[in-house]
Amino acid sequence: MKEDSDMDAYAYEGRIDELLSGFIDDELAARQRTEVERLIARDPKIERRLVQLQKCRMLVGSLPCAEAPPQILQGVKASLAGTSAAPAQEEPARNQPAGRIHLLGRRMLSAAAMIALVGILAGVIYTIVAPETALHQPQVAVDHQPPLGTEMLKPVPDTSAALAFSGRLELKTSALAEVAAIINRVIEENDLSDSIGDVREANRRIHYLRCSREGLNSLLADLKGLWPNLDSATMFIDTELYGRQVTVDAVTTEQIGEIIDQDSYEKRIELAKDLGVLNSMAERMPGGEILAAIEGEGPSLMTIPRPMITGGELPNAKLTSETQAEKTVRLTIIVSR
Amino acid sequence: MTEAANIDAWRQQALRDHFSVGDAALVERYRQGDSAALERLVVKYQNRIYNVVLKICADPDDAAELTQETFVKIIQNLHKFEGRSGFYTWAFRIAVNLTLNYCQRNARLTVRSLDAEQEQYGSQERQALKDYLSDGSSPDAAVVVQRKELYEIATKALMRLDEAQRAVVILRDIEGMSYARIAEVLDIELGTVRSRLSRARSRLREVLEAISR
C-alpha cells in the first residue's frame, strides 16, 4: 500500500512539474493555466517550486551565445568542392548554374595548372619570336585622362541591357617594362587605344580602360600568355551593395571575364567572393591543381596562346564591333614592381 | 531621372532584395541556380546552429565540424526538401540529429558523481549559486547576467542531463522554440516534448541544488 502511495506521490509531483514547466513556457491551455494559478495560490511549496524552475530556465537561457567560427562558410564550400555536391536534379549538374559554381572551383584549380604550363611555353615562344621589338614598342597614345574620381568607381545603375562594371586589376611583376610593353601592344592589337588613357611612372604603369565586354574579353584572351610573367594578379571589384570592394587574389584572365560577364551585380559579387576563396585554397594546395589537370578536368591541356604579332600591320577586324558596342566596362590596370 | 538618383534607386532595391528575402524564396532561388542565395542561408543560420550544437556537445571544435557537416548535408539534400516544415525547422532537425548521433557515438564513459562535481567549484561560486537559488524573489535576468560565475556551473549542469533531455532544454530555453516546433525538430510527439522538458528541468534543478550545498 505504501509503495502504491509513494508511486502516486511521485506521479503527482511529475504531473505538477509538467504543468509548472508548461506554465512558465506559456504552453498550457486556458483551463490548465487556471488550474496551475489556483495551485500556486494555495500551496507555497508549489510556488517555490515554480520559482526554482523559472530560475533554472533563466540561467540556461542567459548563457552567452557562441558565435560560429568565421571559416564555417569556407569549410562548407571546400567540402562541397571536394565532393562535387551539386544538387541532384534531372538536368546534368554542369548545365545548372549552381552546379557550374562547384565545377568552376575544380576548373579553376586545373586552370591554374594550365596557365602555369602554357605560360612557360608562351615565355619560350615569346623570347624566340619577339625578343627585341617588344621592348621598343611605341607607347599607346596618351589622352591624359585624369585619374578616376570616386564617381568612376561607382557601378553605373543597370539602365542598359549590358551590366556596367567598374574595377581595378593590379599586376605585380619584376619585368615591369616588358609587361607594360606587352599590355600596350595587346591594347593596340585590340584597337582599344581610343578607349584608354595611361600614366607612366618610375615604378608603375596605369591604364584606364573603358570598353565593351566584348572588347575586354578579347583583350583578356590576348593577355593570358602574360600571366606566368607576373608575381601576382589581384582584382578589385567595386560594389555599392557591400559598401566596399571585393578582392580576388591570384585572379586569372578567365576569372576576370567570368566575373564581368555575370548578368547581375549580386551574382558578380558572389562569384568574385567564391573565386577569392577558391584561389586562396588553390594557393595553399601545392600540386593539387596539377593533379586536377591530369585528371582531365577543365580546359584542354595544350591550349597555346595566340602568338604575339611583332611587326607589320595590326589586325583591325575588331574595330567595327568595338566602336559600336556599348562601353560599359571601366577597368583600371595598374602594373607595378 | 539623374544618374545619382538612378544609383540610389538601384542601391535601395538591392538592399531591399538583400534583406527581405525569406528562407523559402532563398531555397527556390538556389534551386534555380543562384548559389549566392545558399550562402545567405548559411550566413543567416550559422551562428544559431553552431550555438545549439555547441551547447549540446560542449566542444567548440566538434561543434564547428558538426555545424559545417550540417550545412553540407543541408545542401546535398536540398532537392529533397519539400517545404512541409520551414527551412529553419528542417535545418535544425539535421543539426540536432547529427549532434545527438555524434554524442552517442562518442559518449564519454567518465560520469562523475554529483559530489565530485560539487568539489570542482570554489566556495564563492557555490555560494553565488546558493544565493541565486534560495532567493525567494522572482528571477531577474539582469541579476543572472551580472553573475557570470554561474555560467560555468550552468553549462556543466547541462552536461549532467542525457543528450535527449539536453537537446530539448536547449531548443526551448536557448533557441526559444515552441513545443510544437521542438516536436517537429526532434520528430517526437508533443506530449513527449512536455514530459521530457519537465523531467530535464527537474533534473537540472536537482543538479544545481546539489552543487550549491
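The values are calculated or read from the model by the stated rules, or taken from the named source; none is laboratory data. Please read all numbers here as calculations on a predicted model, not as lab measurements. Every residue, glycine among them, receives a Cβ derived from its backbone with ideal geometry; neighbour counts consider all protein chains shown.
Checking the stated criteria, B:Thr70 turns out not to satisfy the condition of being away from chain A (no Cβ under 13 Å), surrounded by 15 or more Cβ atoms within 10 Å (Cβ to Cβ), at pLDDT 90 or above and part of a helix (DSSP H, G or I). The single condition among (1) over 14 Å from the mean Cα position of the chain (by Cα); (2) more than 8 Å from chain A (Cβ to nearest Cβ); (3) not basic (Lys, Arg) that B:Ala164 does not meet is (1). One residue stands out in the stretch B:44-62 among those that are more than 10 Å from chain A (Cβ to nearest Cβ) and without any contact (Cβ under 8 Å) to a residue 60 or more places away in the chain: the one that is nearest to the chain's Cα centre (by Cα), namely B:Cys57. With the requirement that a residue be under 22 Å from the mean Cα position of the chain (by Cα), at pLDDT 80 or above and more than 10 Å from chain A (Cβ to nearest Cβ), what does the stretch B:119-151 give you? Matches in the stretch B:119-151: none. Within the stretch A:187-203, the set of residues being at pLDDT below 80 and not in a loop (DSSP other than H, G, I, E, B) comprises A:Glu188, A:Glu189, A:Ser193, A:Asp194, A:Ser195, A:Ile196, A:Gly197, A:Asp198, A:Val199, A:Arg200. Could you tell me whether any residue of the stretch B:2-17 is farther than 22 Å from A:Ser79 by Cβ, at pLDDT below 90 and in contact with a helix residue (DSSP H, G or I) (Cβ under 7 Å, 6 or more places away or on another chain)? Scanning the stretch B:2-17 turns up at least one residue that is farther than 22 Å from A:Ser79 by Cβ, at pLDDT below 90 and in contact with a helix residue (DSSP H, G or I) (Cβ under 7 Å, 6 or more places away or on another chain).
Could you check, for the stretch B:22-32, whether at least one of its residues is on the phi > 0 side of the Ramachandran plot and either free of Cβ contacts under 8 Å to residues at least 24 places away in the same chain or of a type in the set (S, T, N, Q) (or both)? Within the stretch B:22-32, none of the residues are on the phi > 0 side of the Ramachandran plot and either free of Cβ contacts under 8 Å to residues at least 24 places away in the same chain or of a type in the set (S, T, N, Q) (or both).
When the criteria are applied in full, B:Ala167 fails the requirement of being hydrophobic (A, V, I, L, M, F, W, C), under 16 Å from A:Gln54 (Cα atoms), in contact with a Leu (Cβ under 9 Å, 6 or more places away or on another chain) and assigned to a helix (DSSP H, G or I). The helices (runs of 4 or more DSSP H) found wholly in the stretch A:218-306 and carrying at least 2 residues that are modelled with pLDDT under 80 and not hydrophobic (A, V, I, L, M, F, W, C) occupy A:265-284, A:288-294.
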